[in-house]
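Down below is the structure, laid out as structure tokens.
The values are calculated or read from the model by the stated rules, or taken from the named source; none is laboratory data. The structure displayed is predicted, hence computed values, not measured ones. Cβ placement follows ideal geometry from the backbone for every residue including glycine, while neighbour counts extend to all protein chains displayed. SASA here: full protein model, heavy atoms, side chains in, ligands and nucleic acids out. Shrake-Rupley method; radii C 1.70, N 1.55, O 1.52, S 1.80 Å.
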Amino acid sequence: MSRPTVRSWAEPYKIKVVEPLTVTTRDQRDAALAEAGYNTFLLPSRFVYIDLLTDSGTGAMSDEQWAGMMLGDEAYAGSRNFEHLEAAVREYYGFKYLVPTHQGRGAEHLLSRVKIKPGDRIPGNMYFTTTRLHQELAGATFVDVVIDEAHDPDSLHPFKGNVDLGKLQAVIDEVGPERVPYVCLAGTVNMAGGQPFSMANLREVRALTEPLGVKVYLDATRLVENAYFVQRREPGYAEKSLKEILLEICAHADGCTMSAKKDSLVNIGGFLATNEDDLYEEACNLVVVFEGLHTYGGLAGRDMEAMARGIAESVRQEHMAARIGQVEYLGDHLVSEGIPVVRPIGGHAVFLDARRFYDHLPQDAFPAQTLAAELYLESGIRSMERGIASAGRDPVTGENHRPNLELTRLTIPRRVYTQAHMDVTAEAVYATYDRRRQARGLKMVYEPKYLRFFRARFEPL
Ligand code: F0G
């Protein structure tokens, strides 16, 4: 046997603490799923084997981060951990002001309340559930300005998170720039399958909006993952570090909202960052009402310390190569067996294309919700619906949004599972695919008012 000259890829860490997994029987899963109204969000985690519901707050912290937890300065005001976090956000994201929040939606709430007036439009590169709802609750209408390719699971466009400048221009022309306070631009667009935008596109968005006084706010939740795709796919960036690319992205924006539960490798935390003096002042006024003092925003000192350290770890090359490498490993496995998935494989998850997986089910039978339920029954693996249930209703007409993408997300937590877990996951998907014709779909029997997918209940058809 000839020896390879390049060593095989491996996780860039070793495991110090382990958490046993639970294996359940098919009968237990049948009962648990019925009890949960066929909604994987309502399953107790003790009935879950491999948990791919989300990459949010589910990552493993490093020994450095855990050591930082012991250095929590739990002063009510002016904790030194806040200073560390502020320094980290300045160093890696480059924004002047930081307002910590308990998680991403806390920051979205502040930004939306301060910036939006009733009747405004907020263009965005596809919606995210909590982001859009905060915009709507503040009186705005969200307008999707992502390129058409983002809505096509088969398009191999390398930057499916890009903004269609024609669509953006049309929104501004229709209502005037004074009714468009900012463009909301998300890194690796979650609902499109974890797809990045390019630096070139961001520069064009900035060039279009800046002369009109329209601001650019990033959803930085998975922006380091976006930076990794820029490094790999965009000419001129292969030799730049992730840190440099991240700073360059942020330099084209006025600020960001952040769910640190993703990129920044913590179990809880988020922030609003901005270069705008007025926004900072007003956000400080509101954060004390809704989150906590402006130097802790609903977090313990130890949480801010873990976040500051996690931000530094998030831009390490070997970390990001392994993180996205693992997602691609699972995705490539599934593609090689002909399983319909969104391509290119995204940054944080592999998205099964439930429309094609269950091509005999209409969208009203919730194919993606059905697939999440069937995969759980098959294997104990928990995934999440990202289709018509997640899309919710138009707040004006009350009609269901009908997204073209009807997806089931296998979301990979950071530094938690091994390649063997990915293999087991792939095998479970194959088994579910083999008996796909037996799936009958679901009907919704309880629909909450906001963000219905979290707590909706279903029954089999
Ligand atoms: N923006 C994006 C792109 C997100 O994916 C999330 C959360 C948020 C904002 C809100 O942040 O949860 O900290 O309040 N996404 C999680 C997910 C829930 O599973 O995709 P949060």
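How would you order 423-431, 255-263 from highest to lowest mean count of nearby Cβ atoms within 10 Å? If you can, show how the numbers build up before the last one.
On the way: 423-431: 18.2, 255-263: 29.7.
In descending order of packing, they fall as 255-263, 423-431.
Have a look at V216, V287, I339 and report the one farthest towards the positive end of the charge dipole of the chain, computed about the Cα centre with Cβ charges (Lys/Arg +1, Asp/Glu -1).
I339
Could you give the dipole magnitude of segment 232-374 about its Cα centre, charging the beta-carbon of Lys and Arg +1 and that of Asp and Glu -1, in debye to the nearest 20?
It comes to approximately 560 debye.
In debye to the nearest 20, how big a dipole does segment 63-314 give about its Cα centre with +1 on each Lys and Arg Cβ and -1 on each Asp and Glu Cβ? Provide the component values of the computation, followed by the final result.
Numbers: 24 positive and 38 negative charges, 33 e Å.
I would put it at about 160 debye.
Sort out for me the Cα centre separation of segment 66-142 from segment 323-340, rounded to whole Å.
Value for the Cα centre distance between the two parts: 33 Å.
Please name which of S198, A31, I412 has its Cα lying farthest along the dipole of the chain towards the positive end, using unit charges on Cβ (Lys, Arg +1; Asp, Glu -1) and the Cα centre as origin.
A31
For E11 and L377, FRET efficiency with R0 = 25 Å and r from the beta-carbon atoms, rounded to 0.05?
For R0 = 25 Å, the calculated efficiency reads 0.25.
Given the Cα-Cα distance of L71 and V289 and 0.36 nm per residue of separation, how much length would full extension add, in nm?
Gain in length upon complete extension: 75.8 nm.
Can you give me the % of accessible surface on segment 53-135 that is carbon or sulfur? Probe 1.4 Å, all protein chains present, nothing else counted.
54
Between E83 and L21, 0.36 nm times their residue separation minus their Cα-Cα distance comes to what?
Full-extension gain reported as 18.6 nm.
For the chain, give me the percentage of DSSP beta bridges that are antiparallel, rounded to the nearest 5 percent.
About 65 percent, rounded to the nearest 5.
Using a 7 Å offset from the Cα along the Cα-to-Cβ direction at both K443 and E282, what is the distance between the two label points in nm, to one decimal?
In this crude spin-label approximation the distance works out to 4.7 nm.
I'd like the Kirkwood hydrodynamic radius of segment 63-314, using the inverse of the mean 1/r over distinct C-alpha pairs, in Å.
Evaluated on segment 63-314, it is 18.1 Å.
With a point put 7 Å past each Cα toward its Cβ, work out how far F41 is from E210 in nm, to one decimal.
With each label point 7 Å from Cα toward Cβ, the separation is 3.9 nm.
Suppose accessible area is computed on protein heavy atoms with a 1.4 Å probe; arrange K115, K449, K243 from highest to lowest.
Ranked from most to least accessible, the order is K449, K243, K115.
With a cut-off of 8 Å between alpha carbons and a minimum separation of six or more residues, what is the relative contact order of the chain in percent?
The normalised contact order for the chain reaches 23 percent.
If you take the beta carbon distance between H151 and E239 as r and set R0 to 45 Å, what does 1/(1 + (r/R0)^6) give as a FRET efficiency, to the nearest 0.05? Please list the in-between numbers first.
Values: r = 33 Å, r/R0 = 0.74.
Taking R0 as 45 Å, the efficiency between H151 and E239 is 0.85.
Per residue of segment 403-417, in order, report the coupling 6.51 cos²θ - 1.76 cosθ + 1.60 (Karplus, θ = phi - 60°) as ³J(HN,Hα) in whole Hz, putting x for Gly and Pro.
x, 5, 7, 10, 10, 10, 9, 9, 9, 9, x, 7, 6, 10, 9
Do the alpha carbons of any pairs in K14/K262; K117/K261; K160/K443; K167/K243; K117/K243 sit beyond 24 Å of each other, and which pairs?
In this structure, K117/K261; K160/K443; K167/K243; K117/K243 lie more than 24 Å apart at Cα.
Full-extension gain between L165 and R316, please, as 0.36 nm times their residue separation minus the C-alpha to C-alpha distance.
Gain in length upon complete extension: 51.1 nm.
Provide, in order from the shortest bin, the percent of all Cα-Cα pairs of segment 14-80 in each 10 Å bin, continuing until the bin that contains the maximum pair distance.
Here the calculated profile for segment 14-80 is 15, 33, 24, 20, 8, 0.
Which distance in nm do the two modelled labels at N275 and E174 give, with both placed 7 Å along the Cα-to-Cβ direction?
Distance between label points: 2.9 nm.
What is the set of long-range amide H partners of V416 at a cut-off below 5 Å, with H atoms built 1.01 Å from backbone N?
A60
Once phi is turned into ³J(HN,Hα) by the Karplus curve 6.51 cos²θ - 1.76 cosθ + 1.60 with θ = phi - 60°, what whole-Hz value does each residue of segment 262-273 show in order, with x for glycine and proline?
9, 3, 7, 6, 10, 7, 8, x, x, 6, 10, 10
When every alpha-carbon pair in the chain is counted, what percent end up more than 38 Å apart? Walk me through the numbers before you get to the answer.
Details: 21982 of 106030 pairs.
Considering the chain, 21 percent of its Cα-Cα pairs are separated by more than 38 Å.
At 222 nm, what helix-only mean residue ellipticity would the chain give, in deg cm²/dmol to the nearest 500, using -39500 (n - 2.57) for each DSSP H run of four or more?
Taken over the chain, the calculation gives -12000 deg cm²/dmol.
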